[in-house]
Amino acid sequence: MSSEQCASCGRFAAVAGVESSHVTSEGLVRYLRCPCGRRWVDVARFHTLVGVGGTPWSAPE
C-alpha cells in the first residue's frame with residue numbers, strides 16, 4: 001500500500017484532510033487524516049537539496 005492510500009480502508013489521500021504540513025530538509029512532510037479516522041504521514045522529497053543562500057548542495061566527494 002502506498003502512502004497515497006489509507007492502510008485501513010484504501011481511500012486515496014485526495015479524500016484525506018491535511019492536519020498539518022512542514023517543510024524540512026528532506027522535503028514536505030504532511031500529516032493526513034482519513035475520513036475513517038486513521039492518520040498517516042506523507043513525505044514528498046525534494047529533487048534538489050538547497051543549501052544556505054539558495055545554492056544547490058552536493059555531497060562532498
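Each value in this text was obtained by applying a stated rule to the coordinates, not by laboratory testing. Because the structure is a prediction, the values reported are computed rather than measured. Glycine gets a Cβ as well: all are built from the backbone with ideal geometry, and neighbour counts include every protein chain shown.
Numerical summary
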quantity: Pairs, first touching a residue at least 12 places away in the same chain (Cβ under 8 Å) in region 12-23, second hydroxyl-bearing (Ser, Thr, Tyr) and outside any helix (DSSP H, G or I), C-beta under 7 Å, six or more apart; calculated: Glu19/Tyr31
quantity: Matching residues in region 10-37 - criterion: being surrounded by 11 or more Cβ atoms within 10 Å (Cβ to Cβ), out of contact with any Pro (no Cβ under 8 Å at 6 or more places or on another chain) and outside any strand (DSSP E or B); calculated: Ala13, Glu26, Cys34, Pro35, Cys36
